[in-house]
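The values are calculated or read from the model by the stated rules, or taken from the named source; none is laboratory data. None of these values were measured; they are calculated from a predicted model. Ideal geometry is used to build each Cβ from the backbone, glycine not excepted, and the neighbour counts take in all protein chains shown. To get the accessible areas, we keep the full protein, side chains included, count just its heavy atoms, and leave off ligands, DNA and RNA. Shrake-Rupley method; radii C 1.70, N 1.55, O 1.52, S 1.80 Å.
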Amino acid sequence: MRLDKFLAHHLGISRNLVTKVLRAGQVTINDELIKSGATKINVTDVVKYQDTVLEHITSKRYFMLHKPQGYVCSTDDPDHPTILYFIDEPMPERLHSAGRLDLDTTGLVLLTDDGQWSHRITSPKHHCQKVYLVEVARPLTEDLIATFNQGIKLNNEKALTKSAKLEILDKFHARLTINEGKYHQVKRMFAAVNNHVIALHREQIGNLKLDILEGEYRPLTAEEVNSIGSAIK
């Protein structure tokens, strides 16, 4: 890889700024001062910016994030802060969320740079389970358990949703497990039964359960990464 491209990704700056950084003598490769952005580097080279080593990324990355309200699941947004605010990793912009959450929804987000792995989570044909805690505006009734289990006709959709498991916790709170990921699906399902979601929190994807505090993130273990395939129904 060219040095200027490597620096642009790691430092999150433009190629023009990279050129200024190099000219200012702030970059070394194997302790040798380098000023040419065209210099080729490989994974064995030690690249330093202002005496800080910049890590080479040689393998796919997988993270769990506990998303707070008010953040969007994208790498760039002109109006709202993104979830990358919480990620202290090299080249965070290469990560994407495997199943987005709305601005006002909290909970589990999985971040990766492995497109095939995230496809196993988001593709409807894989039926990867997602579990949500839901707070609604109107009281829940026991007959809704069967309604959700049978599938619900969403507005502007021809087919029913796949069978979903509704567990009523109290009059205004429930745990909902779905096996697909239609646009705003949970909110639309409750709207279809004349209710309104006022708070939504995702606590599980496949076999992965949220186990960190709001605003925190952590890497997934190899076992957790591999569990996604076994969680497909």
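Tabulated data
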item: Any hit, segment 186-193, residues being touching a residue at least 40 places away in the same chain (Cβ under 8 Å) and farther than 18 Å from residue 107 by Cβ; result: yes
item: Elements of type strands (runs of 3 or more DSSP E) in segment 30-116, at least 2 residues being over 22 Å from the mean Cα position of the chain (by Cα) and either under 28 Å from residue 135 (Cα atoms) or not hydrophobic (A, V, I, L, M, F, W, C) (or both); result: 47-49
item: Looking only at segment 24-42, and only at residues there that are among the aliphatic types (A, V, I, L, M) and within 19 Å of residue 55 (Cβ to Cβ), the one that is least open to solvent (accessible area, probe 1.4 Å); result: 27
item: Tally, over segment 5-23, of residues that are modelled with pLDDT under 90 and either part of a loop (DSSP other than H, G, I, E, B) or surrounded by 11 or more Cβ atoms within 10 Å (Cβ to Cβ) (or both); result: 11
item: Selection count, segment 117-168, where residues are over 18 Å from residue 205 (Cα atoms), aliphatic (A, V, I, L, M) and either touching a Cys at 6+ places or on another chain (Cβ under 8 Å) or assigned to a helix (DSSP H, G or I) (or both); result: 3
item: Residues satisfying the stated conditions in segment 173-203, i.e. of a type in the set (Lys, Arg) and in a helix (DSSP H, G or I); result: 187, 188
item: Residue in segment 153-167 that is at pLDDT 95 or above, open to solvent by 70 Å² or more (accessible area, probe 1.4 Å) and either out of contact with any helix residue (DSSP H, G or I) (no Cβ under 9 Å at 6 or more places or on another chain) or of a type in the set (Lys, Arg) (or both) present; result: yes
